[in-house]
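Everything below concerns the one structure shown next.
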Amino acid sequence: MALRDNRFANINSLYNKQVLICGDTGCRSSKSDEMEEEIREALKEANAEEKIDVVRVGCFGLCEAGPIAVVYPGGKFYAYLKEGDGRRIVKEDLLGDKTIDELIYPESLSDDIVKSIYDVSFYTKQKKIAHKNCGVINPDSIEEYIALDGYLGLHKALNEMSPQEVIDEIKESGLRGRGGGGFPTGLKWQFTKDAEGSPKYVLCNADEGDPGAFMDRSILEGDPYSVIEAMTIAGYAINANYGFIYIRAEYPSAVEKLESSIKKAKELGLLGNNIMGTDFSFDLELRLGAGAFVCGEEMALIESIEGKRGIPRNKPPFPANEGLWGKPTLINNVETYANIAQIIYKGSDWFSSIGTEKSHGTKVFTLGGNIKRTGIIEVPMGTTLRDIIYEIGGGIIGDKEFKAVQTGGPSGGCITKDYLDTPIDYDNLTALGSMMGSGGMIVMDDSTCMVDIARFFLEFTVDESCGKCTPCREGTKRMLEILEKIVAGKGTLEDIDTLENLGNMIKISSLCGLGQSAPNPVLSTLRYFRDEYEAHVVDKKCPAGHCKALLEYYIDDTCIGCRKCARNCPVNCISGKPKEVHVIDTEACIKCGNCMEVCPTNSVHLR
Amino acid sequence: MSFTFDYEANADRLEEFESFIDKEKTKKGSLMAILHKGQKLFGYLPIEIQEIISKKTKIPIAEIYGVVTFYSQFSLVPKGKHEIGVCLGTACYVRGAQDVLDEVKDQLGIDVGGTTSDLNFSIQATRCIGACGLAPVMTISGDVYGKLKTEDIKEILDSYRNEEVKK
């Protein structure tokens with residue numbers, strides 16, 4: 001630990017050097033398991049296992065550069081590693097004390113100085129609270145968690161604070177729910193504490209279903225004890241002795257981590273009876289989802305824990321009064337919990353000094369789509385989209401133009417380049433017709449068709465609608481049909497109006513958050529990209545060049561007039577004299593694509 | 001296509017499954033855990049298995065069927081030996097996941113949710129698996145293939161097909 005704490009000093013430690021390897025699903029998908037094995041083998045062969053510590057840590061955030069290995073002291077950032085590179089790191093760096101320049105993340109290397117991983121521009125504008133231990137500690141080691149202030153929050157709560165004082169501290173911090181709704185967390189705790197009935201339950205919503213969002217998973221895989229500790233604190237505050245973590249089964253390694261962490265916390269008396277020698281007892285259990293997006297809705301989640309179909313209930317009564325098995329239930333999202341222990345330990349003043357006036361603290365986002373540096377970031381509330389996309393994310397891939405960023409997943413909306421300088425907080429995003437959501441951020445370039453993206457999200461919600469209420473079940477389906485008609489080039493101007501009316505109606509009349517927010521992707525693209533919809537129905541063109549039914553083939557002036565396309569056209573719609581530029585009759589063209597395939601000079605294009 | 005449940009071939013698994021139900025059924029809300037176990041043991045949850053659950057837990061079979069069909073991870077038809085999951089999360093979609101999925105469907109001649117008649121492959125369109133940095137992504141039997149292009153698909157599928165031949 002000491003080596004990682006003191007990044008530049010070579011202090012006395014059991015080991016001379018440490019190499020940290022990311023064990024998060026993202027990096028493991030780019031073969032970090034094999035990398036670890038290679039490094040361990042090479043160390044074994046060199047008889048150096050005693051000198052060098054190999055640590056499996058959680059997510060570093062920059063998934064795009066995976067697999068990643070970081071060497072301490074110094075925090076040397078080895079990225080994009082391939083087979084054989086692990087051996088080189090062992091031989092040349094760990095044992096040979098020489099930095100391997102060509103394996104270092106390019107930006108880390110300037111004027112012969114090797115910058116620490118946290119000094120590259122991807123990290124400098126970030127501030128880590130919920131993710132503070134990810135990429136730093138070994139998530140399998142409760143000792144490492146404790147070494148970095150772990151369980152001090154719980155200790156303080158149990159020994160120095162009354163349950164009400166804990167709730168007051170959370171209230172004063174201004175923490176709001178990070179799962180999307182943004183409801184003040186302290187207030188929720190207060191309602192549950194004040195509710196009549198027992199037993200009470202503490203739930204963790206780890207059913208992270210937004211496509212393109214994976215920050216909760218990385219917390220569970222990289223710092224599981226932060227959630228376990230926070231749930232214990234919550235149990236103490238609301239007078240509950242039992243909790244459930246509802247996690248989606250699509251995250252097998254997070255499930256594994258949580259299971260082993262709960263077991264270890266029990267062994268150390270940090271879960272179970274008489275925690276830390278006090279008379280407070282609290283225990284936890286995992287419950288697995290089975291692939292239903294709607295189960296991220298709190299009432300549906302409760303139904304699913306009860307072993308039923310995940311169908312939302314009417315609210316009120318809210319879970320605080322009648323939740324799991326009809327009992328008062330506190331339910332928070334993973335990222336919300338990841339802030340709790342630090343707020344209790346460091347105080348609400350510390351937390352509320354970060355962020356904007358109305359939104360305190362930080363927010364974790366996952367950057368994806370057509371952006372250079374995909375991965376996970378955590379920034380103070382109030383950071384602008386421009387900073388996130390260009391400073392942290394490195395801008396758009398290739399030479400393409402930024403078109404929009406989609407926040408909040410299937411419940412959110414698109415934000416255009418006119419609003420790039422908006423400071424991000426709950427209220428600003430809502431005002432723009434999008435929402436914070438759980439924090440998925442998909443960047444789109446000018447080759448993305450906004451109508452098709454709206455169709456994509458609607459397809460998702462139609463698929464995931466539980467079917468209980470009519471506006472959501474039938475309404476979203478009708479919206480999808482209209483969108484399919486438009487992308488096929490068969491839409492009318494009237495369809496666009498119907499789409500808008502229907503969307504607004506579904507928003508106000510659906511039972512749960514899924515239906516109420518399902519039209520958002522359509523409504524927000526209509527708001528900012530209405531001209532694109534109109535181009536689809538009036539001009540029968542897809543300006544982004546994406547919708548196949550609306551594209552036409554054309555030949556540019558690099559054509560050498562070889563006649564090959566004309567000979568291969570099944571409907572004879574290509575004309576032109578030999579050695580002159582040919583022309584396609586788009587009326588007669590059946591879009592088979594033969595001409596494009598056979599052209600020796602790549603002169604046939606789609607537009 | 002229809003598949004028949006083979007009691008004999010599954011005798012050992014059935015025994016394990018029944019003792020699992022006996023252990024779990026007293027827990028509140030244990031149906032999900034039982035279904036997960038069944039799906040894992042048998043690869044699907046045919047009506048025969050649902051009957052066993054119903055008899056042991058006294059939960060009406062209609063309710064069990066309702067739960068099985070609600071969640072996408074529970075399946076009424078056997079999953080193939082190699083389960084293919086093409087990620088259709090947003091990050092993958094904007095980087096061309098739909099083309100990848102179409103190519104896989106064409107190559108295998110089955111639709112999403114289907115299983116090839118030799119029980120070798122089944123396809124699912126999965127939601128985000130959280131490997132967005134590698135988009136578009138596909139998983140086969142737990143192996144992850146990232147930064148895919150449609151022209152890579154045939155070779156990848158062949159490597160699993162050839163594995164069959166070798167055995």
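A few remarks follow.
- Residues in the range B:83-104 occluded by at least 50 Å² - accessible area, probe radius 1.4 Å, against chain by itself: B:Thr90, B:Tyr93, B:Val94, B:Arg95
- Computed log₁₀ I(q)/I(0) - Debye formula, equal Cα scatterers, no solvent, chain B, q 0.11, 0.12, 0.21 Å⁻¹: -0.54, -0.63, -1.26
- Per-residue ellipticity at 222 nm from helix content only, as computed over chain B with -39500 (n - 2.57) for each DSSP H run of at least four residues, stands at -14000 deg cm²/dmol.
- GluC sites (Glu not before Pro) within the range A:520-607, DSSP loop, no more than 15 other Cβ atoms inside 10 Å: A:Glu552, A:Glu580, A:Glu587
- Pair-distance distribution of the range A:409-490: all C-alpha pairs, bin width 10 Å, starting at 0; shares per bin in whole percent are 16, 40, 34, 10, 0.
- Average accessible area per residue (Å²) across chain A - probe 1.4 Å, nucleic acids and ligands excluded: 39
- The long axis of helix B:61-70 is offset from the longest Cα principal axis of chain B by roughly 20 degrees.
- Summing charges over all other residues whose Cβ lies under 13 Å from the Cβ of B:Leu148, with Lys and Arg as +1 and Asp and Glu as -1, gives -3.
- Rounded to the nearest 500, the 222 nm mean residue ellipticity of chain A from helices alone is -10000 deg cm²/dmol, with -39,500 (n - 2.57) taken per DSSP H run of at least 4 residues.
- For A:Thr185, neighbours were defined as the other residues whose beta-carbon sits under 10 Å from its Cβ, and their charges (Lys and Arg +1, Asp and Glu -1) total +4.
- Each Lys and Arg Cβ is given +1 and each Asp and Glu Cβ -1; about its Cα centre, chain B then shows a dipole of about 720 debye.
- Residue (of B:Phe121, A:Pro106, B:Ile21) at the positive-pole extreme of the protein assembly as shown, dipole from beta-carbon charges: B:Ile21
- Cα-derived Rg to Rh of the range A:496-584, Kirkwood definition: 1.29
- Electrostatic dipole magnitude of the range B:84-167 [Cβ: Lys, Arg +1; Asp, Glu -1; Cα centre; debye, to 20]: 280
- Measuring r between the beta carbons of A:Phe183 and A:Asp497 and using R0 = 30 Å, the FRET efficiency lands at 0.30.
- Charge dipole (Cα centre; +1 on Lys/Arg Cβ, -1 on Asp/Glu Cβ; no other charges) of chain A amounts to roughly 980 debye.
- Whole-number Å³ per residue for the convex hull built on Cα positions in the range A:1-144: 109
- Loop-located GluC sites (Glu not before Pro) in the range B:1-106 whose Cβ has at most 11 other Cβ within 10 Å (DSSP): B:Glu8
- Whole-number D in µm² s⁻¹ for the range B:1-54, Kirkwood Cα-pair radius fed into Stokes-Einstein, 10 °C, 1.306 mPa s: 138
- Largest accessible area first, the listed residues B:Arg127, A:Arg386 line up as A:Arg386, B:Arg127 when surface is computed with a 1.4 Å probe on the assembled protein chains.
- Alpha carbon centroid spacing (whole Å) that separates the range B:20-96 from the range B:103-119: 21
- Positive-pole candidate from A:Leu511, A:Thr461, A:Met596, dipole of the range A:460-607, charges at beta carbon: A:Met596
- Loop-resident GluC sites (Glu not before Pro) (DSSP state other than H, G, I, E or B) in the range A:345-454 with no more than 14 further Cβ atoms inside 10 Å of their Cβ: A:Glu357, A:Glu401.
- For the range A:280-315, heavy-atom accessible area (probe 1.4 Å) falls by no less than 50 Å² from the chain alone to the full protein assembly at A:Ala290, A:Gly307, A:Arg309.
- Cα convex hull of the protein assembly as shown, projected area averaged across orientations, nm²: 36.8
- DSSP-defined beta bridges in the protein assembly as shown - what % are antiparallel, rounded to 5: 55
- Computed E for A:Arg473/B:Leu119 - FRET, C-beta separation, R0 41 angstrom, nearest 0.05: 0.75
- Accessible area per residue in Å² at 1.4 Å probe, computed on the range B:1-97: 48
- Spacing of the two label points (7 Å from each Cα toward its C-beta) at B:Leu76 and B:Lys27, in nm: 2.8
- Accessible surface buried upon A-B contact (total; probe 1.4 Å; Å², nearest 100): 3200
- Largest-first principal axis extents, alpha carbons of the range B:40-123, Å: 48, 30, 17
The values are calculated or read from the model by the stated rules, or taken from the named source; none is laboratory data. Keep in mind it's a predicted model, so treat the numbers as computed, not measured. Backbone-built Cβ (ideal geometry, glycine too); neighbour counts: all protein chains shown. Protein only, heavy atoms only, side chains kept; ligands, DNA and RNA dropped before computing areas. Shrake-Rupley method; radii C 1.70, N 1.55, O 1.52, S 1.80 Å.
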